[in-house]
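Just below is one structure, and these are the notes that go with it.
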Amino acid sequence: MTRVFDDDLEAAFGTRAIHAGQRPEPLAGAIMTPIYQTSTYVQEALGENKGYEYARGKNPTREALERNVASLEGGRYGFAFSSGMGCVDSIMKLFRAGDHIVCGENVYGGVFRLFDKVLRHYGLEFTYVDTRDAQRIADAMQPNTRLVFVETPTNPLMRLTDLRAAADIAHRGNALLLVDNTFASPYFQQPLSFGADIVYHSTTKYLNGHSDMIGGIAVLNDDDLATRLQFNLNAAGAVPGPFDAWLALRGTKTLHLRMPRHDQNGRQIAAWLVEKVGDENVFYPGLESHPQFELARRQMTGFGGMISVELGTKERANAVLSRCRLFSLAESLGGVESLISHPASMTHASVEPERRAKLGITEGLIRLSCGVEDVEDLLADLDQAFAS
Ligand SMILES: Cc1ncc(COP(=O)(O)O)c(C=O)c1O
């Protein structure tokens, strides 16, 4: 399993983003971590090797990424996977039939699909609650609860969970707290510092930042948990190829430069949207009108570029989506380029319509991933799209 270099934890965030986990390559001194495009490693003799035997278990490019992101999250161990969902799947295999999980009701649709359509049939039990209210987490805890699973802010409704309160409740019940930190990125929020036991990301999003790979990563501190997750990683093998790991690692080098710009654009666009459709229809934790604005300020240092907007009907949503030019109509988020999407028919299509409606993921809801383009151009694009 991959443990951070201890001295990497001492530097400030931007320095860690660029250097953590990476040392000049010993053969030629290449400053960039090589792409170790290999499936296996030659062994010197039986039982003698350089610490690498077979690339499902360990790959130096992947290790550099794991160390890098672990340091950004302020954690000790990193585990890279072939997708965010592959990461969740391997984490969930830490649990066994009869274990109970309290899960946020508004997690990414693919997580709900994995839990409800797959893992439930293996005997894991799930209770879904509105984790905005910590008391509901407490009320859902059972003697067999082993995990509290939250996403904050949530996709797409931008709801927040009080991380400190959730960690306390989980720990009082001898359960772990797992946090999906994909929307905030470690630049704006570090869940381990609030008591979370495992933090995970779809690296596909802000960490990579360039929409050119799919990946996931988990970071944690506990030695025993790390040993068990490494076992699952190697046993199930949902690992990223070295090139994808390298792309993610290249992305994290500029995380501290990209995130402030996402945040700046996000704030300006959210303010513009409020003027257009009213603050009750704009979901962005950086707005004072967001019901959890105070909590956002307490546990996040910025709000990023994700905004959802309620337009009332599918027709209105479609009118805006189809007229956008700079905002491309596409699933995913967190890249340098701006995207726009329709959660009900895209990211959350796997959630049953009644459940979507109950959550507030309506046919009129659109989601913006504000990129790092010049904000005037983004606003001009929205202006002509909303004119419809
Ligand atoms: C918040 C969140 N978590 C997890 C995932 C799943 O990640 P991946 O698509 O890399 O499997 C996504 C994907 O959109 C997401 O938005």
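A few notes on this one:
- When residue 156 is tested against (1) within 16 Å of the ligand (Cβ to nearest atom); (2) closer than 19 Å to residue 93 by Cα; (3) in contact with a His (Cβ under 8 Å, 6 or more places away or on another chain), just one condition goes unmet, and that condition is (2).
One line per residue, one yes/no per condition, for (1) within 22 Å of residue 255 (Cα to Cα); (2) without any contact (Cβ under 8 Å) to a residue 40 or more places away in the chain; (3) charged (D, E, K, R); (4) touching a Pro at 6+ places or on another chain (Cβ under 9 Å):
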| residue | (1), (2), (3), (4) |
| --- | --- |
| 306 | yes, no, no, yes |
| 325 | no, no, yes, no |
| 331 | yes, yes, yes, no |
| 344 | no, yes, no, yes |
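- Condition check for residue 105 on (1) acidic (Asp, Glu); (2) surrounded by fewer than 22 Cβ atoms within 10 Å (Cβ to Cβ); (3) free of Cβ contacts under 8 Å to residues at least 60 places away in the same chain: one failure, at (3).
- Where a residue in the stretch 221-247 is in a loop (DSSP other than H, G, I, E, B) and its partner, wherever it lies, is open to solvent by 60 Å² or more (accessible area, probe 1.4 Å), with Cβ under 7 Å and at least six apart: 221/76; 237/56; 239/56
- Given (1) surrounded by fewer than 24 Cβ atoms within 10 Å (Cβ to Cβ); (2) touching a strand residue (DSSP E or B) at 6+ places or on another chain (Cβ under 9 Å); (3) in contact (Cβ under 8 Å) with a residue 12 or more places away in the chain; (4) assigned to a helix (DSSP H, G or I), number of the condition residue 113 does not satisfy: (2)
- Every condition in (1) at pLDDT 95 or above; (2) open to solvent by less than 50 Å² (accessible area, probe 1.4 Å); (3) part of a loop (DSSP other than H, G, I, E, B); (4) more than 25 Å from residue 184 (Cβ to Cβ) is met by residue 74 except one, and the failing one is (4).
- Search result, residues across the stretch 14-37 that are touching a Pro at 6+ places or on another chain (Cβ under 8 Å) and either loosely packed, with under 13 Cβ neighbours inside 10 Å or touching a residue at least 40 places away in the same chain (Cβ under 8 Å) (or both): 30, 31, 33, 35, 36, 37
- Criterion: under 21 Å from residue 21 (Cα atoms) and buried (at least 22 other Cβ atoms within 10 Å of the Cβ) - qualifying residue of 221, 265, 208: 208
The values are calculated or read from the model by the stated rules, or taken from the named source; none is laboratory data. It should be emphasised that the depicted structure is a prediction, and the values quoted were computed from it without experimental measurement. All Cβ positions, glycine included, derive from the backbone under ideal geometry; neighbour counts span all protein chains shown. We work out accessible area using only protein heavy atoms, side chains counted, and drop any ligands, DNA or RNA first. Shrake-Rupley method; radii C 1.70, N 1.55, O 1.52, S 1.80 Å.
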